[in-house]
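The values are calculated or read from the model by the stated rules, or taken from the named source; none is laboratory data. Small disclaimer: the values here were computed from a predicted structure and weren't measured. Please note: Cβ atoms are built from the backbone with ideal geometry, for glycine as well, and neighbour counts cover all protein chains shown. We work out accessible area using only protein heavy atoms, side chains counted, and drop any ligands, DNA or RNA first. Shrake-Rupley method; radii C 1.70, N 1.55, O 1.52, S 1.80 Å.
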Amino acid sequence: MDYMLKPEDFVGVTFWIISVSMVASTAFFFLEANSVSKQWATSVRVAGLVTLIAAVHYYYMRDVWVSTGESPTVYRYIDWLLTVPLQMIEFYLILAAVGAATAGIFWRLLIGTIIMLVGGFMGEAGYINATVGFIVGMAGWIYILYEVFAGEAAQASASSNSEGMKSAFNALKWIVSIGWSIYPIGYFLGYLGGGADPETLNWVYNLADYINKIAFGVIIWAAAKADSAKA
Ligand SMILES: *C/C=C(C)/C=C/C=C(C)/C=C/C1=C(C)CCCC1(C)C
């Protein structure tokens, strides 16, 4: 039967591992949200929502891949369209937890996310030229990076005196820059390095999701734990 995972399907194996890891992470974050202080509980639950949404999509994406060997582009972008804004909201929430958030920070992070994802999707789905989609996507990402490294969000974090919040904010900054850089690398290798290469594209995206959804949540959970222990 075509539908079965074959041992030589390396990309398929990564889809299976991540599907199950996302479910386990979801259980972990939801349970742990009960043992951190109140102002951190929402952040930890949102981390659980991110892995929950991803878990559902990974089961579908895995089926597409294992049965057709094609990139599950639509499912992937629906997942990102839900989970990436939630992760941007995390920045806002950890600032809000210490009273340093503003509406402008929220909107700019959201707008940057939408530009990045719409550009990438149009390029991958073939609505626009793959290079143009890449450039638009990069512009959205750079806008987000500016906000968290030098913009109002960065300033709000720097002027706060909560050590727990600051360490979480700094860790998230590195996720959004170094961790997220895996995605444009995947896009580049998949579409711009001469012809479409779904194998490389998908294992690189899968690795990126593993780091940027699960490790992202663990960072928030660790900061929440450390800060709650002090209170
Ligand atoms: C859980 C999913 C996450 C964190 C997805 C993040 C996706 C990106 C950072 C995608 C970025 C892209 C570019 C910066 C340019 C090329 C197109 C994209 C969409 C792959």
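Listing for the model above:
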quantity	calculated
Residues of the stretch 7-30 satisfying the condition of being more than 21 Å from the chain's Cα centre (by Cα) and either without any contact (Cβ under 8 Å) to a residue 12 or more places away in the chain or open to solvent by less than 10 Å² (accessible area, probe 1.4 Å) (or both)	Pro7, Glu8
Filter result (open to solvent by less than 30 Å² (accessible area, probe 1.4 Å) and either under 12 Å from the mean Cα position of the chain (by Cα) or closer than 19 Å to Ala150 by Cβ (or both)) within the stretch 172-197	Leu172, Ile175, Val176, Ser177, Gly179, Trp180
The stretch 141-197, residues that are within 10 Å of the ligand (Cβ to nearest atom) and closer than 26 Å to Ala229 by Cα	Ile175
Residue within the stretch 102-114 that is more than 18 Å from the chain's Cα centre (by Cα), of a type in the set (Gly, Ala, Ser) and open to solvent by less than 70 Å² (accessible area, probe 1.4 Å) present	yes
Extreme residue, nearest to the chain's Cα centre (by Cα), among residues of the stretch 121-134 that are hydrophobic (A, V, I, L, M, F, W, C) and within 8 Å of the ligand (Cβ to nearest atom)	Phe121
Close pairs from the stretch 130-144: first touching a residue at least 60 places away in the same chain (Cβ under 8 Å), partner near the ligand (Cβ under 8 Å from one of its atoms), Cβ under 6 Å, at least 6 apart	Ala130/Gly123
Test: Ser181 is out of contact with any Pro (no Cβ under 6 Å at 6 or more places or on another chain), at pLDDT 90 or above and among the hydroxyl-bearing types (Ser, Thr, Tyr)	yes
Among (1) farther than 24 Å from Asn170 by Cβ; (2) free of Cβ contacts under 8 Å to residues at least 24 places away in the same chain; (3) surrounded by fewer than 16 Cβ atoms within 10 Å (Cβ to Cβ), the one test that Tyr3 misses	(2)
